[in-house]
Structures are given as structure tokens and as C-alpha cells.
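Right, one structure below, let's go through it.
The values are calculated or read from the model by the stated rules, or taken from the named source; none is laboratory data. Since this is a predicted model, take the numbers as computed values, not measurements. Here the Cβ positions follow ideal geometry from the backbone for every residue, glycine too, while neighbour counts run over all protein chains shown.
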Amino acid sequence: MGNAPYVIDVNEQDFQSKVLAKSYEVPVVVDFWAPWCGPCRMLGPVLEQLAEEFGGRFILAKVNTDQNQGLAMRYGIQGIPAVKAFRNGQIVAEFVGAQPKPVVRRFIEQLIPSPEDEKIAEAQRLASQGFDERAEALFREVLEHNPDHWDGALAFATFLVNRGRFDEAREVLARIPEETPQGQRAAQLLAEIAIKEQVAQGPGEDELRARLAENPGDVEAHFALASLLSAQERYDEALAEFLEVVKRDRSYKDDGARKAMLAIFEKLGDDHPLTQKYRSQLAMFLYA
């Protein structure tokens with residue numbers, strides 16, 4: 001192993017601090033290896049050379065599986081060398097077996113934030129500290145030089161939404177193609193904008209419930225009530241109302257109720273009971 005600080009040995013006791021916690025600061029590439037493994041002796045030096053070449057832009061953590069069988073079991077290591085890349089505490093990429101240096105280099109490059117990514121992260125940090133003008137200038141700088149930086153566009157749109165600048169956010173989101181990985185999140189953010197506008201402009205809960213008591217088929221009232229409940233984080237009731245809109249008129253507000261449900265699912269997380277309950281009900285209706 002090299003002597004550089006960005007090439008380290010890791011064991012079961014310090015894996016949490018040296019890999020999982022550290023991966024919130026910089027990508028950590030874990031090399032699961034063993035002394036008797038021939039392909040490991042081929043891949044190890046390649047990874048170490050790249051770690052030194054990249055100069056700390058990622059950390060190479062080496063795990064001897066003979067000495068750390070618990071880690072090997074935890075991460076499902078069945079063959080070595082096995083390489084797993086961590087960011088924000090999660091595995092984001094992996095491969096098994098010795099690979100040529102150009103292949104390993106591409107693997108590493110995909111993990112490391114570009115200068116534009118770093119500027120977006122800096123803009124988000126500035127925004128969180130209240131330096132809105134400086135943050136906005138950085139967002140605009142990145143998107144001016146690379147209009148197709150969809151992660152940056154999403155981050156900027158979120159910045160605008162959080163400041164009530166809904167029309168500007170829509171313009172930014174409209175540029176993100178639906179077929180991109182960011183397209184679904186853009187649609188959900190548009191649904192969140194619709195909810196925020198509905199709440200700001202719409203009637204109160206008592207009035208909406210009175211309208212629905214008189215006319216249960218009032219889709220506008222169902223959507224307005226769902227938006228109000230969502231803004232109050234009463235997600236069970238909100239999801240039920242949005243689902244009612246989907247059932248009665250899916251096209252209402254450009255499929256806004258379904259998109260709003262997806263936005264709530266993302267906010268709650270896949271494992272939340274409400275996500276599981278209403279995702280199942282939504283799927284049953286859509287695909288029946």
C-alpha cells in the first residue's frame with residue numbers, strides 16, 4: 001500500500017468512521033482483497049496509482065477480507081477483488097475482478113464531482129447560509145456555461161421555489177427533458193409549485209370541506225384540500241384527496257394530482273408506510 005494519506009487500510013472497527021462517515025466529504029473507494037488472491041495483486045497497484053494521481057479527490061480504503069470476514073459478509077462479497085464506491089454513506093457504484101487501468105480510471109472519474117458540480121454545491125452552501133445573491137450568481141454561471149447541467153438546473157429551481165419565485169423556477173424546470181434521470185424530479189417540483197400556489201390563493205379547509213359535502217365530485221375542491229393538507233404535512237389525508245382527484249379526472253392540472261403524490265412519496269421515502277399504502281393504491285387504479 002502507498003504511503004499517501006488517501007490510501008488507507010480499514011477494518012471492522014473503523015469502517016464506519018473511515019468509509020461511511022468520510023464518504024459524506026469525499027468519495028471512498030473500497031478494495032476488498034486478500035493476500036492469496038492473484039487478481040487482487042494486479043488490481044491493487046492500479047487503484048493505488050490512481051489514488052495518488054487524483055491527489056485526494058477520492059480515498060482508497062483497502063479491506064483484507066481474510067482479517068475482516070464480517071465486513072465481507074455484510075457487503076455480500078462473493079468474489080475478489082471486489083470494489084465498491086461509497087458516497088453519502090451509500091454504495092453508488094461497484095465492480096468485481098481485475099480491470100484494465102483505463103476502465104478503472106473511468107470508474108473513478110464518474111465518482112468525482114466536476115468543477116461545475118463543486119460550484120453547484122458551493123451555491124447550495126451559500127444559499128443555506130443566507131447569501132442568496134452570491135448563490136444565485138454561481139447557479140447562473142454554471143447554467144450559462146453548461147445549460148445541460150440538469151442537476152444544477154434542479155438545484156437552482158429548488159432555490160427559486162424556496163424563495164417563492166415560482167415563474168422563474170418553472171422556466172428553469174421546463175428545460176429539463178422528461179427522459180433524463182432528473183426529469184421525474186422536475187415534474188415533482190412542478191407539482192410542489194402548484195400545491196404552494198393553490199394554498200396561497202385558495203380557500204380554507206372548512207370552506208373546501210363544505211363544498212365537498214355539497215358536491216363530492218368537485219375535483220377543484222379535492223385538489224385544493226389535498227394541497228392544503230400537504231402543506232400542513234397531513235400526508236395521509238392529502239394522499240387520499242390527491243388519489244380521489246386521479247380517480248375522478250387524472251388530466252386535472254396536467255396530471256397534477258399524480259405528480260403531487262409522487263412528490264410526497266419522495267419526501268417520505270420508499271419505506272414509509274404511507275408511501276407503500278398509497279403507491280399500491282395508485283398503481284392498482286392506473287394499471288387495473
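Scan segment 62-79 for residues that are in contact with a Ser or Thr (Cβ under 7 Å, 6 or more places away or on another chain) and either modelled with pLDDT of 95 or more or basic (Lys, Arg) (or both) and report the count.
0
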Exercise for the section: Kindly check whether there is at least one residue in segment 95-111 that is in a helix (DSSP H, G or I) and of a type in the set (Asp, Glu). Expected result: yes
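Look at ILE91 and say whether it is part of a loop (DSSP other than H, G, I, E, B) and either surrounded by fewer than 20 Cβ atoms within 10 Å (Cβ to Cβ) or in contact (Cβ under 8 Å) with a residue 24 or more places away in the chain (or both). Break it down into steps so the answer makes sense when it comes.
Values: part of a loop (DSSP other than H, G, I, E, B): no; either surrounded by fewer than 20 Cβ atoms within 10 Å (Cβ to Cβ) or in contact (Cβ under 8 Å) with a residue 24 or more places away in the chain (or both): yes.
It is false that ILE91 is part of a loop (DSSP other than H, G, I, E, B) and either surrounded by fewer than 20 Cβ atoms within 10 Å (Cβ to Cβ) or in contact (Cβ under 8 Å) with a residue 24 or more places away in the chain (or both).
Let's see how each residue does on (1) closer than 18 Å to PHE265 by Cα; (2) free of Cβ contacts under 8 Å to residues at least 40 places away in the same chain; (3) buried (at least 20 other Cβ atoms within 10 Å of the Cβ):
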site	(1), (2), (3)
ASP151	no, yes, no
ALA155	no, yes, yes
PHE159	no, yes, yes
ASN162	no, yes, no
ARG165	no, yes, no
ALA169	no, yes, yes
PRO181	yes, yes, no
GLN184	yes, no, no
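Which one of these is polar (S, T, N, Q) and touching a residue at least 24 places away in the same chain (Cβ under 8 Å): GLN99, GLN78, GLN110, GLN129? Show your work before the answer.
Values: GLN78 fails: touching a residue at least 24 places away in the same chain (Cβ under 8 Å); GLN110 fails: touching a residue at least 24 places away in the same chain (Cβ under 8 Å); GLN129 fails: touching a residue at least 24 places away in the same chain (Cβ under 8 Å).
When all the criteria are applied, what remains is GLN99.
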Problem - Which numbered condition ILE195 misses (of (1) modelled with pLDDT of 90 or more; (2) touching a helix residue (DSSP H, G or I) at 6+ places or on another chain (Cβ under 7 Å); (3) not polar (S, T, N, Q)) - result: (1)
Completion exercise
For segment 216-241, pairs from a residue that is assigned by the TED database to the domain that holds GLU197 to a residue that is of a type outside the set (A, V, I, L, M, F, W, C) and in a helix (DSSP H, G or I), with Cβ under 8 Å and 6 or more apart or across chains, are none
Completion exercise
For GLU237, the lone unmet condition from (1) in contact with a Leu (Cβ under 8 Å, 6 or more places away or on another chain); (2) surrounded by fewer than 16 Cβ atoms within 10 Å (Cβ to Cβ); (3) charged (D, E, K, R); (4) at pLDDT below 95 is (4)
